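> Take a look at this one; I'll ask things after.
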Amino acid sequence: MTNFWKANGKWRIGRFILLSIFLVFLSCFLYIYHQTVLHQLYLEDQLKQEFKLEKEDYQIKGQFWKFGYAYDIILEDEPKTSYLFNVKKKDGKYTAAYWGHGFLDSSNDGSPKHLEFERMRYD
């Protein structure tokens, strides 16, 4: 019969600590990924309600950052411009805000086609 804390004369506690650290990192990753998906679904719903944009009309890329969850949206009719949105959850309510645009190609003239996103800015 083997001792629980020792295996072949070596301590098992190191394996237990490594496994615990791995499980903590895995659970943090899964939580952030789950929250990113929930925030993205809220943003997609807002874009559909306010601007009549369907999911097929744009590509979306999400990321976690210090101000909440950020999403770059590239519209099919304007593939060289990305629009940045921020989605936060405060007191159980989601809020989405337009933060600005960026050009994926330096040959653009400087003004985006879709200025209607300006009405989604934070006050």
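> In deg cm²/dmol and to the nearest 500, what is the mean residue ellipticity at 222 nm of the chain if only DSSP H runs of at least 4 residues count, each as -39500 (n - 2.57), divided by the residue total?
Values: 1 runs with 39 residues, N = 123.
Result for the chain: -11500 deg cm²/dmol, rounded to the nearest 500.
> Here's something else I'd like to know. Which FRET efficiency, nearest 0.05, do GLU50 and ASP105 yield, Cβ-Cβ r, R0 30 Å?
0.65
> Something else now. Any idea of the accessible area per residue across the chain, 1.4 Å probe, to the nearest Å²?
74
> Taking all protein chains as present, what is the carbon and sulfur share of the accessible area of the chain, in % to the nearest whole number, probe 1.4 Å? Mind showing how you got there, number by number?
On the way: 5420 of 9070 Å².
Of all accessible area on the chain, carbon and sulfur atoms account for 60 percent.
> A further question on this structure: Greater than 19 Å separation of Cα atoms is the criterion. Which listed pairs, LYS88/LYS113; LYS66/LYS90; LYS61/LYS88; LYS52/LYS113, meet it?
Details: LYS88/LYS113 26 Å; LYS66/LYS90 14 Å; LYS61/LYS88 16 Å; LYS52/LYS113 16 Å.
LYS88/LYS113, as the Cα separations exceed 19 Å there.
> Continuing with the same structure: Among the aspartates and glutamates, select those whose C-alpha is under 20 Å from the C-alpha of LYS80, and discard any that sit fewer than 8 residues away in the same chain.
Partners found: GLU54, GLU56, ASP57, ASP72, ASP105, ASP109, GLU116, GLU118.
> Specify whether the C-alpha gyration tensor of region 14-69 places it in the rounded, prolate or oblate class, a ≥ b ≥ c being the square roots of the eigenvalues: rounded for a/c under 1.5, otherwise prolate if a/b is larger than b/c and oblate if not.
Here region 14-69 falls in the prolate category.
> Please give the peptides 47-57, 61-71 ranked by average Cβ packing (other Cβ atoms within 10 Å per residue), highest first, as a rough proxy for protection.
Working: 47-57: 12.5, 61-71: 14.5.
Listed from highest to lowest mean packing, they are 61-71, 47-57.
The values are calculated or read from the model by the stated rules, or taken from the named source; none is laboratory data. The structure displayed is predicted, hence computed values, not measured ones. Every residue, glycine among them, receives a Cβ derived from its backbone with ideal geometry; neighbour counts consider all protein chains shown. The accessibility values were calculated without ligands, DNA or RNA, using every heavy atom of the protein model including side chains. Shrake-Rupley method; radii C 1.70, N 1.55, O 1.52, S 1.80 Å.
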